[in-house]
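The values are calculated or read from the model by the stated rules, or taken from the named source; none is laboratory data. Just so we're clear, the structure is a prediction, and the values are computed from it rather than from any experiment. In this analysis, Cβ positions are derived from the backbone assuming ideal geometry, glycine residues included, and neighbour counts consider all displayed protein chains. The area values use the complete protein model at the heavy-atom level, side chains included, leaving out ligands, DNA and RNA. Shrake-Rupley method; radii C 1.70, N 1.55, O 1.52, S 1.80 Å.
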Amino acid sequence: MTTLTAKDKQTVKAFWAKVSGKSEDIGADAVARMLVVYPQTKIYFSHWPDQSPNSPAARKHGITVMMGVGDAVTKMDDLKEGLKELSQLHAFTLRVDPGNFKILSHNILVVMAVMFPTDFTPDVHVSLDKFLAAVSLALSEKYR
Amino acid sequence: MVNWTKTEKATITDIFSHLDYDDIGPKALSRCLIVYPWTQRYFSGFGNLYNAAAIIGNAKVAEHGIKVLHGLDLGLKKMDNIEAAYADLSSLHSEKLHVDPDNFKLLSDCITIVLAAKLGSAFTAETQATFQKFLGAVMSALGKQYH
């Protein structure tokens with residue numbers, strides 16, 4: 001289900017080229033929505049003095065996450081290899097339950113719809129959904 | 001049974017009072033059939049679903065999308081007992097339509113995304129949370145009569 005076709009890769013790269021200028025805002029909004037719509041995800045951020053969705057820490061985290069997504073776009077021909085350090089980080093240090101990757105991915109898609117309603121067509125949606133699923137799988141690689 | 005705050009009820013009422021069913025319905029269903037193509041299994045009588053353009057241009061898909069979206073009105077009118085509101089539709093989806101309840105989430109996510117595209121920044125995180133809570137309640141109710 002996560003094999004990216006040539007069309008998927010092309011579609012994601014083209015869409016990313018259009019939207020990457022706003023990647024900080026995209027990331028910040030996606031993380032903010034995640035914290036509000038799925039409050040259980042806040043458990044991973046108990047070390048933040050301010051866990052509110054628009055706090056500086058939340059925004060900074062959104063930026064970090066989106067930089068990771070942007071990096072994954074450049075490595076999409078071998079995500080397992082390209083994301084292996086990030087996978088180690090998530091597996092051994094952060095220990096984020098992989099179910100949450102789906103949650104954040106969903107919120108990234110919602111933000112794309114909000115910010116780019118005409119560009120985020122169904123064809124772009126399916127390719128981006130597959131790409132984020134492939135990234136999530138690569139991030140889960142080192143867990144066990 | 002789901003508990004709703006006054007604010008949540010007001011948010012849901014507000015969303016539906018401005019909802020363009022004829023626009024959102026077709027867009028949500030066609031997006032579902034494109035993004036999750038295995039959901040096409042329920043629509044073998046709909047003709048050409050061969051690619052995204054065909055699905056988007058398909059009149060039966062559009063008509064059905066409007067019908068399905070209006071199905072949410074049942075929950076809107078009976079928010080304090082959504083389970084009762086969907087008892088019959090739940091039996092229908094289980095006994096007659098044989099829809100995998102996991103697929104409810106797929107359509108639900110597409111409705112959310114199409115609504116987000118329509119409302120833009122007005123679709124705040126709080127609005128999203130309330131709307132997804134409502135859809136979650138509807139999905140749970142629709143799954144209740146499966147056995």
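Values as computed for the structure displayed
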| quantity | calculated |
| --- | --- |
| GNM result for chain A, Cα springs below 10 Å: residue of A:104, A:86, A:94 fluctuating most strongly | A:94 |
| Pairwise centroid distance, computed over Cα atoms, of segment B:81-147 with segment A:31-62, Å | 26 |
| Exposure of residue B:5 as accessible area (Å², to 10), given a probe of 1.4 Å and all protein chains | 70 |
| Three-way shape call for segment A:10-90 based on the alpha-carbon gyration tensor, with the a/c threshold at 1.5 | oblate |
| Above-threshold pairs, the threshold being 19 Å between Cα atoms, out of A:84/B:105; A:9/B:105; A:42/A:102 | A:84/B:105; A:9/B:105 |
| Surrounding net charge for residue B:143, when Lys and Arg each add one and Asp and Glu each subtract one, Cβ distance under 12 Å | -1 |
| Estimated FRET transfer efficiency when R0 is 30 angstrom, pair residue B:96-residue B:133 (beta carbons, to 0.05) | 0.60 |
| Residues in segment A:102-144 that, when all protein chains are in place, have 40 Å² or more less accessible area than the chain alone would give (probe 1.4 Å) | A:106, A:110, A:113, A:114, A:122, A:125, A:126 |
| Residue-span extension gain [residue B:18 to residue B:63] - 0.36 nm each, minus C-alpha spacing | 14.2 nm |
| Between segment B:1-42 and segment A:75-132, the Cα center-to-center distance that results, in Å | 23 |
| Estimated inter-spin distance, residue B:144 and residue A:25, nm [label 7 Å along Cα→Cβ] | 4.3 |
| Where segment A:68-130 is the region considered: accessible area per residue in Å², 1.4 Å probe | 46 |
| Summed residue charge, Cβ within 13 Å of residue B:56's Cβ, Lys/Arg positive, Asp/Glu negative | +1 |
| Sites residue B:46 and residue B:6, calculated FRET efficiency, Cβ-Cβ separation with R0 35 Å, nearest 0.05 | 0.25 |
| Complex-versus-alone comparison for segment B:99-146, residues with a loss of 30 Å² or more in accessible area, probe 1.4 Å | B:113, B:116, B:117, B:125, B:128, B:129, B:132 |
| Cα gyration tensor shape for segment A:6-140, rounded if a/c is under 1.5, else prolate or oblate | oblate |
| Accessible-area order (highest first, 1.4 angstrom probe) of the listed residues A:130, B:78 | B:78, A:130 |
| Protein accessible area in chain A, 1.4 Å probe - carbon and sulfur % | 57 |
| Pairs from A:13/B:118; B:77/B:118; B:67/B:96 whose Cα-Cα separation, in the structure shown, is over 19 Å | A:13/B:118; B:77/B:118 |
| Rounded, prolate or oblate (a/c below 1.5 giving rounded, otherwise prolate when a/b exceeds b/c) for chain B by Cα gyration tensor | oblate |
| Radius 9 Å from Cβ of residue A:62, net charge of other residues (Lys, Arg +1; Asp, Glu -1) | -1 |
| Interface B:A - total buried accessible surface [probe 1.4 Å, Å², rounded to 100] | 1700 |
